[in-house]
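Below is one structure, written out as C-alpha cells; comments come after it.
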Amino acid sequence: MQDCFILIPPVFKDERGQFVETYNQQTFKDITGLTINFVQDNQSTSKYGVLRGLHFQVGNGAQAKLVRVLQGKVLDIVVDLRKESKTFGKHFSMILNASEGKQLFVPKGFAHGFVTLSETSVFAYKCDNYYDKASEGGIIYNDATLSLDWHLPKEDLIISEKDLQLPTFKEVIR
C-alpha cells in the first residue's frame, strides 16, 4: 500500500527474557524517509471479536499512526482515502501479534480498523497529532464497495453502536 510501512524491530533474547526497542526516531526515518513527531500514545484492550473501525481523522486533526500489538493477535486493515494516491480506494490488511512484534505505519489520509482474533488483545499506537473529536470520521466495517474480509464470521463480531452507524465509502469520498 502506498506510503504504509511495516517495521520489524529487532528482539534481543537471552536466558533472562527479551528486550526490544519499540521506537527509535532515527531508525524510523532511515526506514521510511519520514520525520514524524509523535505526540500522543494510545492503548486499547479488546476481547475476541471486537472490531474497532474503520476510523480516520480529517483536516487539521488528521493523524498518522504507528500501530502494534502488545498482547494477543489482531487483523489490522487500512483503506487509502487519498484521492490523488495510486492506491486510492484500495485496502491492505495484515496480522499483527505480540509474538512477532511487527508494527504498521499508517499515514494521514487512511481509514484504519482492527478486529481481535485472540481471546484478548492489547493494541497500542503512536499518533503524530492530538485527538480532536471534530476531525473524526469513519466508514462502516461491512461496506459493499470495499468488500473487506475481517477473518471472522459476522455473528462473532462485537461492534460499538457508534461504529454501526458509520457511513459507506461512497458517502465519505463524495
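Does residue 80 satisfy being out of contact with any Leu (no Cβ under 6 Å at 6 or more places or on another chain) and either free of Cβ contacts under 8 Å to residues at least 60 places away in the same chain or over 24 Å from residue 150 (Cα atoms) (or both)? When the stated conditions are applied, residue 80 does not pass them.
If you scan the range 63-75, which residues turn out to be surrounded by fewer than 22 Cβ atoms within 10 Å (Cβ to Cβ) and either basic (Lys, Arg) or under 14 Å from the mean Cα position of the chain (by Cα) (or both)? It would help to see each step written out before you state the result.
Pass one, the range 63-75, residues surrounded by fewer than 22 Cβ atoms within 10 Å (Cβ to Cβ): 64, 67, 70-73, 75.
Result: 64, 67, 70, 73, 75.
Among the residues of the range 10-22, are any of a type in the set (Ser, Thr, Tyr), touching a Ser or Thr at 6+ places or on another chain (Cβ under 8 Å) and surrounded by fewer than 19 Cβ atoms within 10 Å (Cβ to Cβ)? So far as the range 10-22 goes, no, none of its residues is of a type in the set (Ser, Thr, Tyr), touching a Ser or Thr at 6+ places or on another chain (Cβ under 8 Å) and surrounded by fewer than 19 Cβ atoms within 10 Å (Cβ to Cβ).
Pairing residues of the range 61-76 that are hydroxyl-bearing (Ser, Thr, Tyr) and at pLDDT 95 or above with residues that are assigned to a strand (DSSP E or B) and surrounded by 23 or more Cβ atoms within 10 Å (Cβ to Cβ), at Cβ distances under 9 Å and at least 6 apart in sequence or on separate chains, gives no pairs at all. So which residues in the range 144-173 are of a type in the set (Ser, Thr, Tyr), loosely packed, with under 14 Cβ neighbours inside 10 Å and either within 18 Å of residue 92 (Cα to Cα) or over 19 Å from the mean Cα position of the chain (by Cα) (or both)? If the condition is that a residue be of a type in the set (Ser, Thr, Tyr), loosely packed, with under 14 Cβ neighbours inside 10 Å and either within 18 Å of residue 92 (Cα to Cα) or over 19 Å from the mean Cα position of the chain (by Cα) (or both), then 145, 147 are the ones that fit.
State all residues of the range 107-130 that are part of a loop (DSSP other than H, G, I, E, B) and closer than 22 Å to residue 173 by Cα; if no residue qualifies, say none. Full working, then the answer.
Applying the first criterion (part of a loop (DSSP other than H, G, I, E, B)) to the range 107-130 yields 107-109, 117-119, 128-130.
Residues satisfying the conditions are 107, 108, 109.
Just one residue in the set 95, 6 is over 15 Å from residue 126 (Cα atoms), of a type outside the set (D, E, K, R) and either touching a strand residue (DSSP E or B) at 6+ places or on another chain (Cβ under 8 Å) or outside any helix (DSSP H, G or I) (or both); that residue is 95.
The values are calculated or read from the model by the stated rules, or taken from the named source; none is laboratory data. Computed from a predicted model, the values in this text were never measured in an experiment. Positions of Cβ are generated from backbone atoms using ideal geometry, with glycine treated the same way; all protein chains shown enter the neighbour counts.
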